[in-house]
């Protein structure tokens, strides 16, 4: 019975009686005629020599013959079908040719409606020739390569007979019957077998004739045609054949666009749901079975131009579930090119934003890394500074311990000497005599002969004068005071080194202050050692040295001669500028490393403010920086440079050098209200007493009376006169210090406008300091300066405001009086 596997399994489940009934039915319906019988009858219908009457008589049974052929093809065994299709019978060719003949009149009448036959057909010319000329003149592009050649080949085969009036009339007679529909059913029965399906696919114009059957008026026929075409389209290579068939349909039927007739039937047959479902299913398969997206969009656009999208929008509320499924399947798979383009643009814009954000993140990360590296370098530098400070502190502690030990030994020796003096006094060997000015003189007691001096008295440990030298200089001062106790905070005070003079100097008997007594006094921030650098100490010693001393040996002159003979060095700076810089650096007495470190941490204890102001005149110019950097890039040895050039090389590498120097000058000058007289007196007094009594850190004001008692070697001037001359020569700004007592006169000479400008300048300096502190918040010096002086500056600004208001009030009152 040639049943498919699923039907065969169902048949096996029936009982024997049911199976016998089916066999009997099969016998009744099965046609016993061999294949060539049907083929001969079909060829007889196609014979053009048959008269009109004979054709009418024969064609009356054509439909029944085709029905019997369809039943035989569908129900007989596969051998019968193969015999029908073999090379001897060529049943497929005959069936396709009869299908072409049966629907020839429909196609011809369609073209007659479009354009008159008289204008397009030459009766003396074969119809096949006209079709070939049509294909040669057709240059329309097709997405399938061989579609034109296939359709042209079919056209020549389809119209291989003369289109006589008799043939046309016979075709019209057949078209009125159901032969086209039954022919399509026969082809479906053949295509149910894999063997028959392959023959239909390879036939040169079978699929074209099936596609042309869409011109049939029967909706069932058109639905069946679309089902067969959809089946062909789903097979490999079938999609190309289907598009070729519709290209042929377009040319034969005179369509302006491919699938135009199909869409026309789809819109007009709205009352036949089966046909609409078959049409929608075919469109789905044709458009969406293509893998190439561009070709798929092309096919989709063909149907869009034919109005499919608008018509589907009207059908979205259809009651047919099958049609709704097919419509939804098409809409789900459709490519919205505009949406895709917009989505692509959106994604590209998002990608660009993401790329920019990534770039910004990378730049931010790199900036942060660079900043962290700078901070690490800064912390390393600060660590080096802390290590240096720690090293210096250890050195100071060792020095202090050594001095304490020496002082204890000196006190011990002093106590021993005092005991010996008292013993000698008890023995009557010496006599202690107090003078009127408070000094003590030790006189020998003369007996029967000269009393020899003891070895202890002749030693250098005892500082009292011999009797013969009592009138040649000032008397011996009392012993120095005892060192402070261990609980005194002396470590915070800078240890002053003893000063070695060329000559013996008279002693200045002031009332000294201990290191722990200077806190809160004017001596707390005085640097008397810096004053000595400005004074001519050689002249001072010559004037105030004690009598009976030979000339001093000048060691510095020999050193200068030696240094002048030193090896010549390469200098990159201008000669005068290098010379002036050398003089300034010698005044500081600090190495380049010490100076640069002090500038970096704003250390005004290491660098006095006047040295900072002098050094600001040597800030490296742009040209000097270029020359120094060029020398460094050329990897030339730095040892060949002069000291000034090496200093400038290191000096120019300090970050924000101008700002740091300005801030140091501002901090140093902020509280510069202390007179220079006190440090001058302290410096000169320490210079006279240091070698004998050691340096002191301050003195009581009652010691100022002794300035008149200390006289020069020639007794012509006192220490007060010398200090007065030094002030006039070196510190002229201090000369008129007494004028500060006359506040009213001083205030009258001040310009209020200049004062306000000075206050603003102070505020700008404070702002600059705060900005520097925000960049380096670890700098304790800046932090302490801001904490201690920000309030003072605020009070100064308030006082300036009060002064401005008072001045305006006085001016206004004076104006009112005058008016």
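The values are calculated or read from the model by the stated rules, or taken from the named source; none is laboratory data. Predicted model only: the values in this text are computed from it and were never measured. Every residue, glycine among them, receives a Cβ derived from its backbone with ideal geometry; neighbour counts consider all protein chains shown.
Of all residue pairs spaced 6 or more apart or on separate chains, those with beta-carbon atoms under 6 Å, a first member in the stretch 612-637 that is closer than 19 Å to residue 666 by Cβ and a second member that is assigned to a helix (DSSP H, G or I) are 612/664; 612/665; 613/665; 614/584; 616/661; 618/581. Residue count for the stretch 210-259 satisfying the condition of being assigned to a loop (DSSP other than H, G, I, E, B), over 60 Å from the mean Cα position of the chain (by Cα) and either surrounded by 22 or more Cβ atoms within 10 Å (Cβ to Cβ) or at positive phi (or both): 1. Listed by first and then second residue, the pairs with beta-carbon distance under 9 Å, at least 6 apart or on different chains, first residue in the stretch 390-415 and under 15 Å from residue 496 (Cβ atoms), second part of a helix (DSSP H, G or I) and at pLDDT below 90, are 396/491; 400/490; 400/491. When only residues in the stretch 291-335 that are at pLDDT below 85 and within 25 Å of residue 256 (Cα to Cα) count, which is nearest to the chain's Cα centre (by Cα)? The residue in question is 335. Restricted to helices (runs of 4 or more DSSP H) entirely inside the stretch 572-652, those with at least 2 residues that are under 43 Å from the mean Cα position of the chain (by Cα) are 592-600, 609-615, 622-633, 643-651.
In this structure, does residue 374 turn out to be surrounded by 11 or more Cβ atoms within 10 Å (Cβ to Cβ) and at pLDDT 90 or above? So residue 374 passes the test. Assessment of the stretch 523-532 against the conditions (modelled with pLDDT of 50 or more and part of a loop (DSSP other than H, G, I, E, B)) yields at least one matching residue. Filtering the stretch 260-290 to residues that are under 19 Å from residue 232 (Cα atoms) and either under 53 Å from the mean Cα position of the chain (by Cα) or surrounded by fewer than 20 Cβ atoms within 10 Å (Cβ to Cβ) (or both) leaves 284, 285, 286, 287, 288, 289, 290. When the criteria are applied in full, residue 272 fails the requirement of being free of Cβ contacts under 8 Å to residues at least 24 places away in the same chain, at negative phi and out of contact with any strand residue (DSSP E or B) (no Cβ under 9 Å at 6 or more places or on another chain).
Is there a residue being under 47 Å from the mean Cα position of the chain (by Cα), surrounded by 10 or more Cβ atoms within 10 Å (Cβ to Cβ), assigned to a helix (DSSP H, G or I) and not assigned by TED's automatic domain parsing to the domain that holds residue 309 anywhere in the stretch 397-416? Scanning the stretch 397-416, I find no residue that is under 47 Å from the mean Cα position of the chain (by Cα), surrounded by 10 or more Cβ atoms within 10 Å (Cβ to Cβ), assigned to a helix (DSSP H, G or I) and not assigned by TED's automatic domain parsing to the domain that holds residue 309, so the answer is no. When residue 310 is tested against (1) exposed (fewer than 13 other Cβ atoms within 10 Å of the Cβ); (2) under 18 Å from residue 242 (Cα atoms), exactly one condition is not met: (2). From the list 815, 760, the one residue that fits, being surrounded by 11 or more Cβ atoms within 10 Å (Cβ to Cβ) and either in contact with a strand residue (DSSP E or B) (Cβ under 8 Å, 6 or more places away or on another chain) or part of a helix (DSSP H, G or I) (or both), is 760.
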